[in-house]
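Data first, discussion second: the structure below is written as structure tokens.
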Amino acid sequence: MPQAIATAAEGTRDGAGSAAPGSATGAAGAAQAPGSDFAPLLRAVKGQGLLERRTGWYAAGITANLVALGAVITGMFLLGNTWWTLLLALPLAIFWSRTAFVGHDAGHAQITGERRTGRAIGLVHANLLLGMNEAWWNDKHVRHHANPNHIDKDPDVGVGALVWTQKQAAQREGFARWLTRNQARLFFPMLLLEGIALKISGFQYLRQQPARERALSALLLVAHLGLYATLLLTVLSPGKAIVFALVHHALFGLHLGMAFAPNHKGMEMPDPDGERWGHLQRQVLTSRNVRGGILTDWFLGGLNYQIEHHLFPSMPRPHLRLAQPMVRAHCEALGMPYAETGLIESYRQALQHMHEVGEPLR
């Protein structure tokens with residue numbers, strides 16, 4: 001499974017397609033042959049060695065993150081059964097998010113090209129350490145990467161608690177209709193539930209997995225719950241343990257949501273009935289980069305280079321920043337828009353899109 005995302009996304013790099021009428025490429029972009037636009041960029045990136053894996057970099061990062069997790073857990077034991085221990089829910093949530101970013105990169109075959117090793121890394125970081133089914137995540141994520149923001153093919157813009165088009169909004173009734181009217185203002189509060197929702201979705205997906213894969217996934221998910229409960233109940237009283245778990249998962253879900261929210265919300269959405277876009281057009285026009293330095297890269301797990309990540313999903317995280325000038329220059333040469341903004345502005349644009357989707361219901 002770790003190889004699947006890279007294959008699905010990069011395998012379409014020379015696929016035929018042309019700009020849909022009214023797309024953001026404009027006349028200059030529409031005049032190009034999107035199916036061939038990506039090939040020169042791919043050659044240039046390969047020539048710079050940016051697709052070569054950085055196993056040592058990842059090994060150091062994984063080790064540092066595990067040490068940080070161990071330090072937080074040690075701190076919990078040192079503080080013991082006190083409400084002050086609740087303060088450690090924040091660093092634990094932050095380093096859980098780092099763990100999720102490692103699982104994400106393993107699923108993209110960024111860490112290693114060896115399939116079994118990549119899956120083992122994903123299983124340990126997702127299933128065992130986070131209680132999140134890596135098979136569920138990879139299945140969902142591969143479909144997203146293949147057709148980002150495509151209303152019929154991308155599960156991230158399907159109808160759920162939130163909706164992403166006014167057509168989807170028009171079909172909402174009852175409480176869901178009220179939710180859609182207010183989804184922009186409720187978005188960040190709803191992220192507080194995402195940490196628990198990820199666990200529930202992972203268990204639900206077990207039914208769709210082959211028997212042997214299901215057994216291993218379920219074993220690790222149950223082991224996670226057992227270890228997590230044992231840790232909290234060993235350190236804290238039952239009441240404090242429940243509060244800690246709720247706060248911890250709320251902060252974890254918020255952090256992950258803040259990392260994923262800027263990436264595609266409010267960007268181009270391909271017309272399902274229009275012509276199929278080429279790989280470059282499909283990935284660039286639907287994605288938004290977030291400007292920033294080392295701290296932004298760390299906080300967002302490299303996902304602030306969303307355009308480069310979507311064009312080259314198997315590219316190691318530390319190489320995304322290096323590829324950015326090449327990708328931007330290539331897009332400018334083609335007359336193709338390249339979206340990049342600050343972190344706060346990215347949230348504003350995403351929330352503005354959600355607000356406009358719910359506008360007809362107000």
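Would you calculate the volume per residue, in Å³, of the smallest convex hull containing every Cα atom of the chain?
Dividing the Cα hull volume of the chain by its residues yields 143 Å³.
Looking only at segment 178-216, which residues have a backbone nitrogen under 13 Å from a spot 7 Å from the Cα of VAL222 in the C-beta direction?
214-216
Quote to one decimal, in nm, the extra length available between ASP152 and ARG54 on full extension: 0.36 nm per residue of separation minus the C-alpha distance between them.
Residue separation times 0.36 nm, minus the Cα-Cα distance, leaves 31.7 nm.
With the Cα gyration tensor of segment 231-308 giving a ≥ b ≥ c as the square roots of its eigenvalues, does the rule (a/c under 1.5 for rounded; else a/b larger than b/c for prolate; else oblate) give rounded, prolate or oblate?
The shape class here is prolate.
Give me the orientation-averaged projected area of the Cα convex hull of segment 286-362, in nm², one decimal.
Dividing the Cα hull surface by four gives the mean projection, 6.2 nm².
For GLN281, what is the net charge nearby, where nearby means another residue's Cβ is under 10 Å from its Cβ and Lys, Arg count +1, Asp, Glu -1?
That sum, taken over residues with Cβ under 10 Å, equals 0.
Within the chain, how many lysine pairs that are 8 or more places apart, or on different chains, have C-alpha atoms less than 28 Å apart?
Eligible lysine pairs with Cα atoms under 28 Å apart amount to 11.
When Rg is the radius of gyration of the Cα atoms in segment 136-251 and Rh is its Kirkwood radius, what does Rg/Rh come to?
Rg/Rh for segment 136-251 comes to 1.05.
Under the Karplus relation 6.51 cos²θ - 1.76 cosθ + 1.60, θ = phi - 60°, what is the ordered set of whole-Hz ³J(HN,Hα) values for segment 264-281, x standing for Gly and Pro?
The phi angles translate into 9, 5, x, 8, 3, 10, x, 6, x, 9, x, 6, 6, 7, x, 4, 4, 5 Hz.
Please give the length that would be gained between GLU173 and THR341 if that part of the chain were fully extended, namely 0.36 nm times their separation in residues minus their C-alpha to C-alpha distance (nm, one decimal).
57.0 nm
Compute the long axis of helix 55-79 from its Cα atoms, compare it with the longest principal axis of the Cα atoms of the chain, and write down the angle in degrees, 0 to 90, nearest 10.
30
Please give, to one decimal in nm, the separation of the simple spin-label points placed at ALA211 and LEU231, each 7 Å out from Cα toward the Cβ.
Going by the 7 Å Cα→Cβ label model, 3.4 nm.
So how strong a dipole does the chain carry about its Cα centre when Lys and Arg Cβ are +1 and Asp and Glu Cβ are -1, to the nearest 20 debye?
Once rounded to the nearest 20, the dipole reads 660 debye.
Please list the non-local residues whose amide H lies under 5 Å from the amide H of THR341, H modeled 1.01 Å from N, same-chain partners needing a gap of 5 or more.
So THR341 has HN proximity to ASN289, VAL290, ARG291.
Hey, if you put +1 on the Cβ of every Lys and Arg and -1 on every Asp and Glu Cβ in segment 99-186, which of ILE111, GLN166, ASN133 ends up farthest toward the positive end of that dipole?
GLN166
Counting alpha carbon pairs within less than 8 Å and at least 6 residues apart, what relative contact order, in whole percent, applies to the chain?
29
With a 1.4 Å probe and every protein chain kept in, tell me what percent of the accessible surface of the chain is carbon plus sulfur.
Here it works out to 63 percent.
Using 7 Å Cα-to-Cβ label points, what is the THR117/THR63 separation (nm, one decimal)?
Output for this residue pair reads 1.5 nm.
Taking H as built 1.01 Å from N, whose amide H comes closer than 5 Å to the amide H of ARG276, not counting residues under 5 places away?
When sequence neighbours closer than 5 places are left aside, the close amide H contacts are SER18.
Rounded to the nearest 0.05, what FRET efficiency do GLU356 and ARG321 have when you use their Cβ-Cβ distance and R0 = 25 Å?
Plugging the Cβ-Cβ distance into 1/(1 + (r/R0)^6) gives 0.20.
Can you give the longest run of the chain that contains no GluC sites (Glu not before Pro) sitting in a DSSP loop with at most 16 other Cβ atoms inside 10 Å?
Excluding the exposed sites themselves, the longest stretch runs over 174-274.
Based on Cβ point charges of +1 for Lys and Arg and -1 for Asp and Glu, what charge dipole magnitude is obtained for segment 209-362 about its Cα centre, in debye rounded to the nearest 20?
540
Net charge around ALA259, counting only other residues with Cβ within less than 12 Å of its Cβ (Lys, Arg = +1; Asp, Glu = -1)?
Every neighbour counted, the sum reads -1.
What do you get for Rg/Rh over segment 210-362 if you use C-alpha atoms and the Kirkwood form of Rh?
Ratio of gyration radius to Kirkwood radius: 1.09.
Below 8 Å, C-alpha to C-alpha, sequence gap of six or more: please give me the relative contact order for segment 188-332 in percent.
Dividing the mean separation by the residue count of segment 188-332 yields 22 percent.
Could you calculate the FRET efficiency of LEU79 with ALA39 from 1/(1 + (r/R0)^6), where r is the beta carbon distance between them and R0 is 51 Å, rounded to 0.05?
The pair LEU79/ALA39 has a calculated efficiency of 0.35.
The values are calculated or read from the model by the stated rules, or taken from the named source; none is laboratory data. This is a predicted model, so every value here is computed, not measured. Note that each Cβ is placed from the backbone with ideal geometry, even for glycine, and that neighbours are counted across all protein chains shown. Note: accessible area is taken over every heavy atom of the protein model, side chains too, but ligands, DNA and RNA are not part of it. Shrake-Rupley method; radii C 1.70, N 1.55, O 1.52, S 1.80 Å.
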